[in-house]
Amino acid sequence: MADPRYLNQHSERPTRCNAGDHFVLYIEADAVAHPRSVAEAADALDLALDQHSNEQPFLWIDLLRPSREDLAELAARFDLHPLAVEDAAEAHQRPKYEHYGTTDFVVLRPAEAAPTPSESDVARDPAIIDVRVGELHVFVGAAFVILVAHTDSVDLPAVRRAFERDPRFLEFPQLSALYRIMDEVVDGYEPLLSALEDYGDSLEERIFGTGPVPSRDVYYLSRELIELGRAVNPLGGLAASLHVSLDRHRPPEDLLRGMRDVTDHIHTAIERLERLRTVVREIFSVNATLIAERQNDDMRQLNELSIQQNEQMKKISAWAGIFFFPSLIAGAYGMNFKHMPELHWLLGYPFALGLMLSGSLLLYLVFKRVGWL
């Protein structure tokens with residue numbers, strides 16, 4: 001039960017914070033109070049520091065999408081740097097680590113798969129996922145940690161429970177809390193990377209199995225890698241800066257080992273992303289080559305068909321010309337005029353037939369010579 005000594009005397013006043021926000025005051029790893037607002041939490045920490053300074057009071061605050069008023073109150077009560085508060089209010093920051101006097105400011109980008117991809121995407125490939133990247137800001141002080149979440153993809157109560165169950169880092173609760181938070185965020189990248197690798201494998205199987213795939217399928221993988229890369233790639237520099245800060249605090253070896261493990265996971269995620277980018281480039285190249293080859297085959301078939309059509313047209317035109325000549329003779333002598341030359345000639349009929357045959361034969365030989373027949 002919360003100790004009433006650490007609750008603000010104005011606890012009945014309304015608070016602007018969300019129902020999902022959490023305030024917990026610890027003394028020697030025991031939760032002694034659960035304030036209900038920023039003001040109550042700050043007052044409870046001040047009182048605990050006055051009465052239990054040797055027992056390392058520590059305050060945990062996690063806020064989900066707080067208002068600017070709440071952030072302004074946090075800045076005033078916990079002496080947060082204005083630039084860091086502005087970043088937390090605006091969001092859309094890249095992962096980074098900043099040191100402001102007695103407070104460290106860390107920006108993390110947790111990622112998750114969208115719960116329901118579009119039906120058209122699923123119908124095209126059931127392995128498809130949609131990467132959603134959120135934002136988490138962490139203020140780390142000597143006696144407090146403040147989490148400002150712009151996403152609900154991180155289970156902050158679960159992170160806090162893991163922090164509470166770990167008694168190894170009681171001398172450095174703020175670093176222990178940061179370690180647990182970073183571990184949760186970085187571990188969240190692994191299933192996404194596995195899913196994207198599976199999707200890349202499915203593209204390769206389709207390309208080398210049934211032929212080229214639609215370019216939009218390859219573009220989808222590239223787009224998701226870019227989205228996840230915005231969260232993962234800057235963590236390498238963040239981890240380096242954080243280890244410099246750890247050297248300054250001189251935490252126990254267990255905590256350093258845990259942080260090194262998180263750093264190893266970060267570098268592993270960066271390497272897997274780079275390998276996936278290489279795979280995407282190769283898939284683009286191979287798929288484009290296969291598409292070009294298929295287009296060349298189609299063009300070759302069209303050219304062959306066009307050539308065949310031209311040959312057929314030549315034959316049709318040649319035979320049409322051959323049959324046109326007898327028709328011309330017959331048409332000329334078939335005109336029933338009274339006065340025509342050779343109309344009453346005794347050899348007129350055999351002459352006309354001979355002319356038709358000889359003319360048709362001549363045309364046949366000519367067309368045969370030029371290759372039309």
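The values are calculated or read from the model by the stated rules, or taken from the named source; none is laboratory data. Remember, predicted model here, so these are calculated numbers, not experimental data. Backbone-built Cβ (ideal geometry, glycine too); neighbour counts: all protein chains shown. Just the protein is used for accessible areas: all its heavy atoms, side chains included, with ligands, DNA and RNA removed. Shrake-Rupley method; radii C 1.70, N 1.55, O 1.52, S 1.80 Å.
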Wholly inside the stretch 55-136, helices (runs of 4 or more DSSP H) that include 3 or more residues that are open to solvent by 40 Å² or more (accessible area, probe 1.4 Å) and at pLDDT 90 or above are 68-78, 82-90
So for the stretch 235-251 (the condition being part of a helix (DSSP H, G or I), farther than 22 Å from ASP104 by Cβ, open to solvent by 60 Å² or more (accessible area, probe 1.4 Å) and out of contact with any Leu (no Cβ under 6 Å at 6 or more places or on another chain)), does at least one residue qualify? no
Only unsatisfied item for MET299, checking (1) surrounded by 12 or more Cβ atoms within 10 Å (Cβ to Cβ); (2) under 47 Å from the mean Cα position of the chain (by Cα), is (1)
The number of residues in the stretch 302-354 that are surrounded by 10 or more Cβ atoms within 10 Å (Cβ to Cβ) and assigned to a loop (DSSP other than H, G, I, E, B) is 4
Checking THR278, THR289, THR263 in turn, the sole residue that is among the hydroxyl-bearing types (Ser, Thr, Tyr) and either in contact with an Asp or Glu (Cβ under 9 Å, 6 or more places away or on another chain) or surrounded by 15 or more Cβ atoms within 10 Å (Cβ to Cβ) (or both) turns out to be THR263
Across the stretch 199-222, the tally of residues that are touching a residue at least 12 places away in the same chain (Cβ under 8 Å) and under 14 Å from the mean Cα position of the chain (by Cα) stands at 7
Filtering the stretch 192-228 down to residues that are outside any helix (DSSP H, G or I) and either modelled with pLDDT of 90 or more or open to solvent by 60 Å² or more (accessible area, probe 1.4 Å) (or both) yields PRO214
When ASP183 is run through (1) open to solvent by less than 10 Å² (accessible area, probe 1.4 Å); (2) at pLDDT 90 or above; (3) under 30 Å from ALA42 (Cβ atoms), the failure sits at (1)
